[in-house]
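The values are calculated or read from the model by the stated rules, or taken from the named source; none is laboratory data. These numbers were taken from a predicted model, which means no experiment stands behind them. So basically every Cβ, Gly included, is an ideal-geometry build from the backbone, and we count neighbours across all protein chains shown. Remember, those area values only see protein heavy atoms, side chains included, never the ligands or the DNA or RNA. Shrake-Rupley method; radii C 1.70, N 1.55, O 1.52, S 1.80 Å.
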Amino acid sequence: MRILLTNDDGINAPGLYVLEKIAAQLSDDIWICAPSEEQSGAGHSLTLNRPVRMRQHAEKRFSVTGTPTDSVTLGLKKALPGQPDLILSGVNRGANLGDDVTYSGTVSAALEGALAGIRSIALSQVPSREDLGDGVDFSAAEEWGAKVLRPLIDQPFAPRTLVNVNFPPLLGKDVKGIRVVRQGFHDYARGSVVEGRDPRGFPYFWFGLHGIEHTPGHDTDLEAIAEGYVSVTPLHLDLTHDASLKALAERFTK
């Protein structure tokens, strides 16, 4: 089984090395094509206004001066000798829960793989409040990564779908198990914007990731993580709100 690894934290991110260890339990044909620098929050963006460069670091290891979407595209079209059987994106340093998936470069890399018709899975390690930055503990992902992936490898995916996996902020031995749950929703009205001034006296704004409230519903990814479980959520690319089609169509037929 040929596996392509990517992420949005960059080619030198600790989580990518964790993902390599996880993938090595599944295959010995592992390729890497990841952004050269961190691209957190890049979403499903594609670089169009400048050239993108790809650098080879080792036989099966490449970096790209672009987004996670660029990395998957160049991995599939230029780096790999043939199409992979599986794309793994992560392990992200931070949660990708609820509607955060719309911002996530980690999830979007898997989304790009799904668009190409390849089984794709995004993996993220939720940090504790104490373990931020380079202090994020990936032990839950290391211990539970292969346990989550093995059943998914054998499970047929519907066309244009992907799976989003999040690991709780616990030691591997303390994780309670795995739950398959739906996507939750945050209350972004309570998010934060940090204002400051640069050394030249000009104001700047920094979007804060803390302080965003969420209201877990029954069987959501937010609830699963809060209760100490690995969350597994199937996502699909069709954003059409079917329930609104008829009402909107009637507005244009009068």
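With all protein chains kept in place, the per residue accessible area of the chain amounts to 55 square angstrom at a probe of 1.4 angstrom.
Over 32 Å between C-alpha atoms is what I'm after, so list which of Lys77/Lys246; Lys147/Lys246; Lys21/Lys176; Lys78/Lys246 land there. Don't skip to the end; give the middle numbers.
Numbers: Lys77/Lys246 40 Å; Lys147/Lys246 43 Å; Lys21/Lys176 22 Å; Lys78/Lys246 44 Å.
Checking Cα-Cα distances, Lys77/Lys246; Lys147/Lys246; Lys78/Lys246 exceed 32 Å.
Computed from phi, the 3J(HN,Hα) profile of region 25-35 under the Karplus parametrisation 6.51, -1.76, 1.60 (θ = phi - 60°) reads 7, 10, 6, 10, 10, 10, 10, 10, 9, 9, x Hz, with x in place of Gly and Pro.
Measuring nothing but how far apart in sequence close Cα pairs (under 8 Å, 6+ apart) lie, relative to its length, the chain scores a relative contact order of 17 percent.
Once Rg and Dmax of the Cα atoms in Å is worked out from the coordinates, which option in (i) 16.7, 49; (ii) 17.8, 56; (iii) 18.9, 63 does it equal? Looking at Rg and Dmax of the Cα atoms in Å for this model, the match is (iii).
Region 113-139 and region 52-71 have their alpha-carbon centroids 19 Å apart. Backbone geometry of region 168-175 corresponds, through the Karplus equation with coefficients 6.51, -1.76 and 1.60 at θ = phi - 60°, to 3J(HN,Hα) couplings of x, x, 9, 5, x, 5, 9, 5 Hz, x marking Gly and Pro. On the accessible surface of region 32-115, probed at 1.4 Å, how many percent belong to carbon and sulfur atoms? Answer for region 32-115 is 46 percent, counting heavy atoms of protein chains only. Summarising the strand pairing of the chain, around 40 percent of its internal DSSP beta bridges are antiparallel.
Packing-based ranking of 97-106, 237-246 yields 97-106, 237-246, ordered from highest to lowest mean Cβ neighbour count within 10 Å.
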